[in-house]
Structure formats: structure tokens, C-alpha cells
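Visitor: First the structure, which I've put down as C-alpha cells, then a few questions once you've had a look.
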Amino acid sequence: METIIIDGKKISQDIKDELAVKVADYKKKGVEITLAVIQVGDDPASSVYVRNKKRACEYIGINSKSYELPTETTEEELLQLIDNLNNDDSINGILVQLPVPDHIDEKKITNAISPLKDVDGFHPYNVGCLSIGDKGYISCTPAGIIELMKRNNIEIDGKNCVIIGRSNIVGKPMCALMLRENATVTVAHSHTQDLKDLCKTADILIVAIGKNNFVTSEYVKEGAVVIDVGIHRDENNKLSGDVLYDDVKPHCSAITPVPGGVGPMTIAMLMNNCVESVNILNK
Ligand code: NAD
């Protein structure tokens with residue numbers, strides 16, 4: 001069986017190119033899109049993510065406004081900045097790079113962003129919209145996974161899907177999205193019994209556990225589609241996922257590699273949300 005290697009690098013590039021055309025059209029009509037990117041502190045990993053997001057904005061033609069705040073920034077100061085940006089008509093989207101320092105309540109920050117500018121899709125309003133099938137911003141990584149499958153003509157309707165992991169940013173929104181695509185969905189987590197047997201029932205297995213090389217071929221039904229969300233970096237900077245790729249790949253009809261699978265899709269879908277903001281804000 002020939003295994004399809006799902007090429008997230010190419011698909012994310014295609015999406016960014018499609019978005020660049022849309023943004024250019026908006027510009028012709030006098031519509032500018034601006035993303036406010038807030039980083040508190042100088043965590044090196046966060047700085048890399050922020051830089052990549054700003055680069056993607058530039059590529060697509062979206063304006064990005066940077067707010068690099070010192071670690072000592074108080075919760076009140078951050079909430080005040082968010083309030084100002086919520087009320088600023090020139091701002092389409094607001095992104096606070098997580099994690100924030102410990103003295104700031106992450107939940108308070110997420111909830112303070114206007115749902116109409118919540119391009120990460122983390123606000124409870126948007127989470128609710130997703131779960132009842134209303135329009136709103138969708139969490140970027142799960143949205144990217146749907147896009148990877150659709151653009152590889154992978155049938156989702158009627159399939160058995162097992163998602164390992166129930167986090168608010170991956171597992172739970174992934175479940176809502178797969179339901180919306182008419183899959184039959186099971187969400188497994190750290191208390192799940194007989195995980196291997198359960199995973200063996202999956203036509204589509206989505207793995208977001210955060211444990212390096214956890215899923216082996218013993219978890220995979222012959223011919224299944226395997227999506228690996230995990231990202232791990234070893235001491236030599238080499239990336240790997242939650243799936244033991246070389247062991248699992250021969251048993252799959254399609255699989256995402258790490259790197260170059262799900263990873264690049266998150267920023268592409270963030271850019272998609274920024275472009276969507278024009279409709280959501282009715283600009
Ligand atoms: P998390 O730690 O918040 O959640 C992990 C989930 O896995 C939990 O729900 C837990 O119940 C479950 N789990 C842990 N051990 C388990 C076990 N032994 N058996 C069954 N379930 C188990 O993680 P997260 O934020 O969802 O991220 C998961 C992985 O995806 C991480 O490696 C993270 O780096 C990566 N990630 C990648 C992207 C991307 O852009 N590609 C985005 C977000 C997260």
C-alpha cells in the first residue's frame with residue numbers, strides 16, 4: 001500500500017498564497033487588515049512564534065502591530081491594552097502569545113479579548129459557537145488538520161475517528177470539528193482504558209498527547225489515516241512527534257510527518273482567521 005505523506009508545508013504555503021490574493025483584493029477596495037500581536041516577557045520559544053506570525057502577516061499583506069511588554073507588566077496594564085485594542089477600529093485581530101508570566105491570569109486575558117477580534121479562537125464565546133455549529137473564529141491547529149485532510153481528498157464523513165488528548169486548544173475543538181464533518185468521534189485521554197484497542201478501531205487517528213513517539217504500529221488499524229500533532233525537540237534540535245513515524249507509516253493510507261505536517265498549518269490558519277475578521281467585523 002502506498003502511503004500518502006501529507007505535506008503540510010506545501011498546503012500551508014498554498015493557503016498563504018490564496019490569502020495574499022484575497023488581501024490584495026481587499027486593499028483595492030480600501031480595506032486594510034491589522035493584527036495586534038502582544039508578547040509579555042522574552043521567552044525565546046514565544047519570541048520565535050511571534051516572529052513567525054509577523055513574517056506570515058508581512059507575506060500575506062496583513063499589517064502587524066507589535067506590543068513587546070516587559071515581564072513585570074501587571075495584569076491590569078495588559079487588560080487595559082487589550083481594552084484599548086478592542087475599541088480601536090483599525091485593529092482586526094488581537095493575539096496574546098501564550099504562556100503569559102505566572103502573575104497574570106491567562107483565563108482573564110483570553111476572556112478579555114473581544115470575541116469579534118479573537119483570531120486564536122480561544123474565547124469561550126467562539127468555543128461555544130464551534131460546539132453549536134455557529135459562525136466564529138476556530139482554533140487554528142484543529143482547523144489546519146481539517147484543511148490537511150480535505151486538500152488530500154481524505155473522506156471524513158461517516159468515518160470512525162479517535163482523538164487522543166482532550167486539551168482546550170487541540171483535542172476538544174478537534175472533536176467539535178470532526179463532528180461537524182460527520183465523523184463518529186471518540187476522545188481518549190490519560191484515564192482511557194485499553195487505549196491500543198480503542199485506537200485500532202479508528203479510520204482516522206489524531207494524536208495530541210505531548211509524549212514523544214508514544215503511538216506505535218500497535219495502535220494503528222491497517223489503512224488508517226494518522227495525524228500527529230505532537231512537537232518535540234531533542235538536544236540536537238531535531239523535531240519528532242507523538243507518533244513513532246517509521247514504525248507507523250507502512251500501516252497507514254496517509255500520515256503527517258513531523259516536521260512538515262500539522263506544524264506549519266497553525267500559522268496559515270491564524271492568517272485565515274485574520275482575513276475572515278473582515279466578514280466577522282463587517283468591515
Ligand atoms: P496537553 O498537554 O494540554 O494535553 C495532552 C492530552 O493528552 C491531555 O488531554 C491528556 O489527557 C492526554 N494524555 C496524556 N497522556 C496520555 C496517555 N498516556 N494516554 C492517553 N492520553 C494521554 O497538550 P496539547 O496542548 O493538546 O498538545 C499536545 C501536543 O501537540 C504537544 O506535543 C504540543 O507541543 C503539540 N501542539 C502542536 C501544535 C501545532 O501547531 N502543531 C499546536 C498545539 C500543540
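Bear in mind that the values in this text are calculations on the coordinates, not laboratory data. Computed from a prediction, not measured in an experiment: that's the story for all the values here. Neighbour counts run over all protein chains shown; Cβ positions are idealised from the backbone, glycine included.
Visitor: At q = 0.14 Å⁻¹, what is the log10 ratio I(q)/I(0) for the range 125-262, with the Debye formula run over Cα points and no solvent?
Guide: Once normalised to I(0) and log-transformed, intensities are -0.59.
Visitor: Could you list L19, L244 in order of exposure, starting from the residue whose Cβ has the fewest other Cβ atoms within 10 Å?
Guide: Numbers: L19 22, L244 19.
Fewest-to-most Cβ neighbours within 10 Å comes out as L244, L19.
Visitor: How about the range 162-211: which trypsin sites (Lys or Arg not before Pro) there lie in a loop by DSSP and see at most 15 other Cβ atoms within 10 Å?
Guide: Details: sites: R166, R180, K196, K200, K211; in loops: R166, K200, K211.
Listed in order of number, the matching sites are K211.
Visitor: Out of all DSSP beta bridges in the chain, what portion is antiparallel? Express it as a percent rounded to 5. Working shown, then result.
Guide: Values: 2 of 32 bridges.
Approximately 5 percent, going by the DSSP bridge assignments.
Visitor: Using 0.36 nm per residue of separation minus the Cα-Cα distance, give me the extension gain between K29 and E76 in nm, one decimal.
Guide: On the way: separation 47, 0.36 × 47 = 16.92 nm, distance 3.78 nm.
So the chain would gain 13.1 nm between K29 and E76.
Visitor: What percent do you get for the relative contact order of the chain when only Cα pairs under 8 Å and 6+ apart count?
Guide: Working: 543 pairs, mean separation 63.1, N = 283.
It rounds to 22 percent for the chain.
Visitor: With r defined as the distance between the Cβ atoms of S131 and E2 and R0 fixed at 25 Å, what FRET efficiency is calculated, to the nearest 0.05? Show your work: numbers first, answer last.
Guide: Working: r = 37 Å, r/R0 = 1.47.
For R0 = 25 Å, the calculated efficiency reads 0.10.
Visitor: Still on this structure, I have one more. Starting from the alpha-carbon convex hull of the chain, give the projected area averaged over all orientations, in nm².
Guide: Values: hull surface 60.2 nm².
Computing the convex hull of the Cα atoms and averaging its projections yields 15.1 nm².
Visitor: Using alpha carbon centroids, what distance separates the range 204-248 and the range 1-68, in Å?
Guide: 26 Å
Visitor: So, in nm, how far is label H189 from label D102 when the simple model puts each one 7 Å beyond its Cα toward the Cβ?
Guide: 2.5 nm
Visitor: Among DSSP beta bridges whose residues both lie in the range 30-115, state the antiparallel percentage, nearest 5.
Guide: Working: 0 of 11 bridges.
In the range 30-115, DSSP labels about 0 percent of beta bridges as antiparallel.
Visitor: Cut-off under 29 Å on the C-alpha distance; same-chain residues fewer than 8 positions from K249 excluded. Which lysines are left, in chain and number order?
Guide: K9, K10, K16, K150, K159, K172, K196, K200, K211, K221, K238
Visitor: Which number do you get for Rg(Cα) / (2.2 N^0.38 Å) in the range 1-62?
Guide: Ratio of Rg to 2.2 N^0.38 Å for the range 1-62: 1.48.
Visitor: Ok, one more. Estimate the FRET efficiency between R180 and N236 by the formula 1/(1 + (r/R0)^6), using the beta-carbon distance for r and 30 Å for R0, to the nearest 0.05. Present the calculation step by step, with values, prior to reporting the outcome.
Guide: Working: r = 40 Å, r/R0 = 1.33.
So the FRET efficiency works out to roughly 0.15.
Visitor: Now a separate question. Among T73, T256, T110, which one moves the most in a GNM of the chain with springs linking Cα atoms closer than 10 Å?
Guide: It is T73.
Visitor: Report, in degrees rounded to the nearest 10, the 0 to 90 angle that the Cα long axis of helix 44-60 makes with the longest principal axis of the chain.
Guide: 80 degrees
Visitor: Highest GNM mean-square fluctuation, the chain, Cα pairs closer than 10 Å: which of Y245, Y67, Y125?
Guide: Most flexible of the set in this elastic network: Y67.
Visitor: Can you give the helix-only mean residue ellipticity at 222 nm for the chain, where every DSSP H stretch with n ≥ 4 adds -39500 (n - 2.57) and the sum goes over all residues, rounded to the nearest 500 deg cm²/dmol? Spell out each step's value before the answer.
Guide: Values: 10 runs with 114 residues, N = 283.
Mean residue ellipticity, 222 nm, calculated: -12500 deg cm²/dmol.
Visitor: Calculate the tail of P(r) for the range 1-116: the fraction of all Cα-Cα distances greater than 24 Å, expressed in %. Before the final figure, lay out each step's value.
Guide: Details: 2484 of 6670 pairs.
Summing the P(r) tail past 24 Å for the range 1-116 gives 37 percent.
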